[in-house]
Amino acid sequence: MSQYPITLTGRLTRDPILTKTSTGAYKAKLRVASSRRIPDRQADAGVDNTEGHNTKAPQWRDVDHLYIDVEMWNQFAINVRKSLAKGMPLVIVGSLVTEQWRDDQGADHFRTYIKAQYVGLDLNRHVIGTKRLVPQYNQENIAVPELGDNAIEPDVDHSLPQQQVGAGDTAADTAADRYLAAQAAAARGGEEEAFDAEVEEEAAEGESATVNA
């Protein structure tokens, strides 16, 4: 079946988290809160003047609350980390993805998130500036992420030597994620390096618990 993109509007519940994988790829994760706003008819039911007209300002309330993770990779991830902050209103276009994996105890875990294709800022209450980035390519014609003039450090760095004691991907990584990570490794001219599988598994467990809460 074809997977059609969805559009979601909401606000960032925290600053974006930028992770550098053991292969040198970058991944950003957003936590977005969204809801549907409807008129609060009970609050608007009062009559304030002799003509019977309600002069109160309309009251609204939020229903159908949704909290969901949003992920993007490489240059997209770096741009998001450098541009967005907690509380900003966003418009997101992407695909819903549900991952399933089984831990060492045989328990099944599920995680649903949005794999973003586009992320934009709602300009109803914001004014922004822009800077166009020129893509950089290596000898294999693979795009290399550019940190820009104001380089930022990853919030989580799995490429550090002290974390290279295991091997493999996280249990929650999709095949597409592994493909992107392999591309990043090729761009750096090296093979995939080992990392701390225990740390990655704990991170995956934490993500699952947050989404399922």
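Couplings for the stretch 12-29, taken from phi via the Karplus curve 6.51 cos²θ - 1.76 cosθ + 1.60 with θ = phi - 60°, read 5, 8, 7, 5, x, 10, 9, 10, 9, 7, 5, 8, x, 6, 10, 10, 10, 10 Hz in order; Gly and Pro are left as x.
Straight-line reach from Lys86: taking Cα to Cα under 16 Å and skipping same-chain neighbours fewer than 8 places apart, the lysines in range are Lys29. Taking packing as the residue-averaged number of other Cβ atoms within 10 angstrom, the listed peptides 127-138, 29-40, 73-84 run from highest to lowest as 73-84, 29-40, 127-138.
Net length available on complete extension from Phe110 to Leu133 is 4.7 nm, with 0.36 nm assigned per residue and the Cα-Cα distance removed.
Between Asp62 and Asp149, what's the calculated FRET efficiency when r is the beta-carbon distance and R0 is 41 Å? Round to 0.05.
Values: r = 39 Å, r/R0 = 0.96.
My answer for the efficiency is 0.55.
3J(HN,Hα) along the stretch 99-104, derived from phi through the Karplus expression 6.51 cos²θ - 1.76 cosθ + 1.60 where θ = phi - 60°, amounts to 10, 9, 8, 10, 7, 5 Hz, with x in place of Gly and Pro. Taking 0.36 nm per residue of separation and subtracting the Cα-Cα distance, full extension of the segment from Asn124 to Ser35 would add 30.3 nm.
Values in this text are rule-based calculations from the coordinates and carry no lab data. The shown structure was predicted, so the numbers you read here are calculated from the model rather than taken from an experiment. No Cβ is skipped: glycine too gets one built from the backbone with ideal geometry, and neighbour counts run over all protein chains shown.
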